[in-house]
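Novice: Dropping a structure here in C-alpha cells format, bear with me for questions.
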Amino acid sequence: MRLRVKVWRGSAEGSFQAFDVPRHASQTVLDVVTHIQRVLDPTLAYRFACRVGMCGSCAMTVNGQPRWTCRTHVDSVLQDQEEITIAPLRNLPVIRDLVTDMREFFDKWAKAKGSFEGKRSRRDDFEKISPESENRQKVDAGIECIGCGVCYSACDVVAWNPDYLGPAALNRAWTLVRDERNARGLERLRAVAGDAGCHACHTHMSCTERCPKNISPTAAIAGLKQAVFAAVLKGRL
Ligand code: SF4
Ligand code: SF4
Ligand code: FES
C-alpha cells in the first residue's frame, strides 16, 4: 500500500510537493517525513530529536492541525482522506520546509519571567514541597510542558496579536507563580499583566484541545488572571 503525501517546501514563499510513500503498520507522521528525507529527497529540512514524545522538537501542521509528529499515527489523521498534508507550525517564521524559527516562542518565555529563581542559596538544604501542597497540586500537570509549540500554533490570538505572550509562556509563568520556592512572584505577575499578557486570552481553548501532554494553558491563564486581580486589590500591583 502507498500513501500520497504533500509536504511544504520553501520558507514564507513556497509550495507543496507531492511524494509517494510506502504504508506500514503503526507508521507515524514522523516516520513518513523521515522516509521522504532519507529515501526520496535528502534536501528536505525537518526537526526531531527523541522520537518518543520527550523533546518537543517534531511538531508540524498535519492535515491542518498542529501535532507532535513522533506520537501521531498516520491512521489517526487519515480518517476518510487518502492523502496527508504536512506543513510547518503556524504563527512562527519558517526557516525552510518544515523547520520553524522558535526564537520568538522562547523569547516570550523569557518575557513572562519563565526562569526559576529560588529563595535559598546553594548552602541551604533543598526545600521540600509536599505532594499534598495545594499550590503543587495546581501546577504539577503544567510542569510537564515539553515546549513543542503546538498550543502556540493553535492560538488565534497569537495570530492576531504577534506580541501576545501565548499559552506556553503563560502556562510556564503560572507554574512559577504557584511554586512555593520561587522568589520573583510580583515581578512575574507584572510581566504577565500587560496588554500582551494573560488578559489578552479569549479563552478559545484551542491550546488546551491540542496540547499533546494534556496540559490546560487555558486554566493556567485563568489562574494568572485571578492572581493579578488579587494583587491589584491588595494594592501590590
Ligand atoms: S485559551 Fe487563550 S491561549 Fe489558549 S488558544 Fe485560546 S486565546 Fe490562545
Ligand atoms: S503547553 Fe502543551 S502544547 Fe504547549 S508547548 Fe507545552 S506541551 Fe506543547
Ligand atoms: S521527536 Fe521529541 S517529541 Fe517528537
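Every number here is computed from the coordinates shown, using simple stated rules; none is lab data. Note that the coordinates shown come from a computational prediction; the quantities given were computed from them, not determined experimentally. Here the Cβ is made from the backbone with ideal geometry for all residues, glycine too, and neighbour counts use every protein chain on show.
Novice: How far apart, in nanometres, would the label points at ALA230 and HIS204 be if each is projected 7 angstrom from Cα along the Cα-to-Cβ direction?
Specialist: Using points 7 Å along Cα→Cβ, the separation is 2.9 nm.
Novice: Under the classification rounded if a/c is under 1.5, otherwise prolate if a/b is larger than b/c and oblate if not, where does segment 37-84 fall, given a ≥ b ≥ c as square roots of the Cα gyration tensor eigenvalues? Can you show the working numbers first?
Specialist: Numbers: a/c = 2.02, a/b = 1.19, b/c = 1.70.
Oblate, because a/c is 1.5 or more while a/b does not exceed b/c.
Novice: Follow-up question, since we're still on this one. Place a label point 7 angstrom from the Cα of GLU82 along the Cα-to-Cβ direction, then list the residues of segment 2-18 whose backbone nitrogen is under 13 Å away.
Specialist: What the label zone holds, given the 13 Å backbone N cut-off, is 2-5.
Novice: Cα axis of helix 217-233 to longest principal axis of the chain: angle in degrees, 0 to 90, nearest 10?
Specialist: 20 degrees
Novice: Is the shape of the chain best called rounded, prolate or oblate, per the rule: a/c under 1.5 gives rounded, else a/b larger than b/c gives prolate, else oblate, with a ≥ b ≥ c the square roots of the Cα gyration tensor eigenvalues?
Specialist: Note, shape of the chain comes out prolate.
Novice: Determine, for the chain, the count of lysine pairs separated by eight or more sequence positions (or lying on different chains) whose alpha-carbon distance falls under 22 Å.
Specialist: 13
Novice: May I ask you to compute the full-extension gain from ILE95 to SER11, defined as 0.36 nm times their residue separation minus their alpha-carbon distance, rounded to one decimal in nm? Write down the numbers at each step before the final one.
Specialist: Working: separation 84, 0.36 × 84 = 30.24 nm, distance 0.56 nm.
So the extension gain works out to 29.7 nm.
Novice: On to the next question. Using a ≥ b ≥ c from the Cα gyration tensor of segment 140-237 (square roots of the eigenvalues), is it rounded, prolate or oblate, where a/c under 1.5 gives rounded and otherwise the larger of a/b and b/c decides, a/b for prolate?
Specialist: oblate
Novice: Quote to one decimal, in nm, the extra length available between ALA49 and GLU127 on full extension: 0.36 nm per residue of separation minus the C-alpha distance between them.
Specialist: Full extension of this stretch gives 24.8 nm more.
Novice: Please work out how much length the chain gains when fully extended from GLU187 to GLN27, using 0.36 nm per residue of separation minus the C-alpha to C-alpha distance, in nm with one decimal.
Specialist: Roughly 53.0 nm would be gained on extension.
Novice: I'd like to compare 128-141, 156-169: which one has the highest average count of other Cβ atoms within 10 Å, and what's the full order after that?
Specialist: Top to bottom by mean Cβ count within 10 Å: 156-169, 128-141.
Novice: If you project the alpha carbons of segment 4-141 onto their three principal axes, what span does each projection cover, largest first, in Å?
Specialist: Principal axes ranked by extent give 59, 33, 25 Å for the Cα atoms.
Novice: In addition: Per q in 0.23, 0.24, 0.25 Å⁻¹, report the Debye log10 I(q)/I(0) for segment 100-175, using one uniform scatterer on each alpha carbon and no solvent.
Specialist: Taken in order of the listed q values, log10 I(q)/I(0) reads -1.08, -1.13, -1.19.
Novice: Another question, if that's okay. For labels at ARG120 and ALA18 in the simple 7 Å Cα→Cβ model, what's the distance in nm?
Specialist: Placing both labels 7 Å along Cα→Cβ, they lie 6.2 nm apart.
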